[in-house]
Amino acid sequence: MSRSRVRIGFAALTCSPDTDHSEEPMRPGRFAARCSLALSLLVAMALGFVSSACSADPVPNPAVSGPIEGGVHGYPWNHSLFALRGPGYDYTEQEFFFSGMATDLSTGVQAPYESRMLVRLPRNPADFSGIVTVEWLNVTGQMDLETSWPVEAQYLMGQGIGYVGVSAQLAGVCCGPTTLKGWDPVRYAPLEHPGDRFSYDIFSQAIRALRDPAGNETTDPSASPVDPMRGMAVRWIVANGASQSASFLTTFVNGGYNRGQIDLYVITRGGGPYEDFSTPIFQLNEENNRVRQDDNPRFVAWEEAGAAHAPAVWWSYIAREQQRDLGQPDVIDAACSVNHGAVDYSARALSHWVSQYFATGQLPPPAPRVERDSSGNIVRDSNGLAEGGLRHVFVQVPVGFNSSQGCPLYGDYQAWSATKIRSLYPTHAVYVGKVHAWADREVSLGWLLPADRTDVLRKAQGFTAPWTGACSSSCPAPLGL
């Protein structure tokens, strides 16, 4: 497939020379000549330009620049809140820009683009597992938001799994105050996005740059190709995305955009239905998932009873990030009682099964789906908790109310009184015994990692207030209980 700009007849569209940025911090070189995106697309569509693009076409290597430094803030958007060095791991975080021609495979129209990826890898290549999870960053809030890193960062680092966040969609790049170009107009000045119909190929090219760094193009013909992987060879690519990104990944799957770049999809908080299972798909959804498909030898779906679309274990990270980067208070927590469901346990368990699949070919174990009545409503018990589904301790041995209902996306959590809790578990020992038994059962089912079983038991053993008189009308439980 041609990497050149759209041409009409024998004449190329007019391009203007790049401006001088010698006094700005190091940023990637732009196209040697920058064409007007709007003019390119307008002329191409008006004249019915269509190339020979099809799902069988290979993914081209983009030009890669970086690591990127400088800017107004001196660090990248999505800079990790978690320490990158901890017990058993030591990671680096680097940002790269990548650029080229993106193709809308549905029409063949091409357009120039420049976007970015945030790459986190083990500092020591010997610690790298060979697995890289590449997230299609979520832009529902008109900014790039990570969904995987906030709930399983330490687990990924402990396993030597690489993480790459890709700015695939226009709303993350431009042009409001929370987009990349709005938040740091110096650092992200070179970025250009032609629109979301090109996002699928932009995402594919980001992965190509990781898989085949030696083939990456450069903005300086005399320079060597830039390798975002720092010499580490990728064995397996896992494409990840949640909510709106899950919907885009569904189109990516069904539209044939993979082209041999992705080994496995882990799609969460939405997505489906899927029509192509040539690449396996693992799906993780909250209790109010409405798009259901039966498991098959290339597809496994988990539905978490009691969990909401955007629970506190994720939102607490995002709120702190937005306080740091935007100076915004946590308005969601002030307005909503955000669901406390332990979706991080499920995310880490599913990542474990990703590694198992690559090692042995074994799929994740199945889990029951959340029960629904003949009208499609979730069946709930006498406490209002969902029946069926993948059940963690917080819903199987509950000490509070958790539901997907309540605040849209964020669900609901309500602490129970000491009297109610004691009516279910006369003593703290009885409660801990039930937690212990269910956590053991979850580990045996493959829904809970042994390390998270330890975490559950620690929290349960420390939750003594209802039986000691330390709380009465309201007994807030720790996250995940």
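The values are calculated or read from the model by the stated rules, or taken from the named source; none is laboratory data. Since the model is a prediction, treat every value here as computed from it, not as a measurement. Every residue, glycine as well, gets a Cβ built from its backbone with ideal geometry; the counts of neighbours run over all protein chains shown.
Please state which one of GLY195, GLY241 is over 25 Å from ILE131 (Cβ atoms), within 21 Å of the chain's Cα centre (by Cα), among the small types (Gly, Ala, Ser) and at pLDDT 95 or above.
Values: GLY241 fails: over 25 Å from ILE131 (Cβ atoms).
Step by step, each of GLY195, GLY241 is checked, and only GLY195 is over 25 Å from ILE131 (Cβ atoms), within 21 Å of the chain's Cα centre (by Cα), among the small types (Gly, Ala, Ser) and at pLDDT 95 or above.
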Review point. Yes or no: HIS340 surrounded by 14 or more Cβ atoms within 10 Å (Cβ to Cβ), out of contact with any strand residue (DSSP E or B) (no Cβ under 9 Å at 6 or more places or on another chain) and under 22 Å from VAL456 (Cα atoms)?
Key: no
Point to revise | Positions within segment 310-325 being assigned to a helix (DSSP H, G or I) and within 15 Å of the chain's Cα centre (by Cα), in sequence order | key: VAL313, TRP314, TRP315, TYR317, ILE318
Study note, to complete from the structure: When segment 155-174 is checked residue by residue, the ones that are part of a strand (DSSP E or B) and hydrophobic (A, V, I, L, M, F, W, C) are VAL164, VAL166
Check your understanding: From the set of residues in segment 355-368 that are surrounded by 13 or more Cβ atoms within 10 Å (Cβ to Cβ) and out of contact with any strand residue (DSSP E or B) (no Cβ under 6 Å at 6 or more places or on another chain), which is nearest to GLY388 (Cα to Cα)?
Key -> PRO366
Review point. For residues in segment 175-207 being in a helix (DSSP H, G or I) and without any contact (Cβ under 8 Å) to a residue 12 or more places away in the chain, which is surrounded by the most Cβ atoms within 10 Å (Cβ to Cβ)?
Key: LYS181
Check your understanding: For segment 333-361, which residues satisfy the criterion of being in a helix (DSSP H, G or I), in contact with a helix residue (DSSP H, G or I) (Cβ under 9 Å, 6 or more places away or on another chain) and either modelled with pLDDT under 95 or on the phi > 0 side of the Ramachandran plot (or both)?
Key -> ASP333, VAL343
**Study point:** Single residue of GLY388, GLY384 found to be at positive phi and buried (at least 16 other Cβ atoms within 10 Å of the Cβ)
**Key:** GLY388
Point to revise | Sole residue being hydroxyl-bearing (Ser, Thr, Tyr) and modelled with pLDDT under 95, chosen from TYR265, TYR257 | key: TYR257
Check your understanding: Which of (1) at negative phi; (2) at pLDDT 95 or above; (3) crowded, with 18+ Cβ neighbours inside 10 Å does LEU481 not meet, given it meets every other one?
Key -> (2)
Check your understanding: Looking at segment 133-154, which of the residues that are in contact (Cβ under 8 Å) with a residue 40 or more places away in the chain and part of a loop (DSSP other than H, G, I, E, B) is surrounded by the fewest Cβ atoms within 10 Å (Cβ to Cβ)?
Key -> THR140
Review point. Across segment 261-309, which residue is farthest from the chain's Cα centre (by Cα) among those that are over 25 Å from ARG380 (Cα atoms) and outside any loop (DSSP other than H, G, I, E, B)?
Key: ASN296
Revision key, fill the gap. Within segment 455-469, residues farther than 14 Å from HIS392 by Cβ and either at pLDDT below 95 or assigned to a helix (DSSP H, G or I) (or both) come out as ARG458, GLN461, GLY462, ALA465, PRO466, TRP467, THR468, GLY469
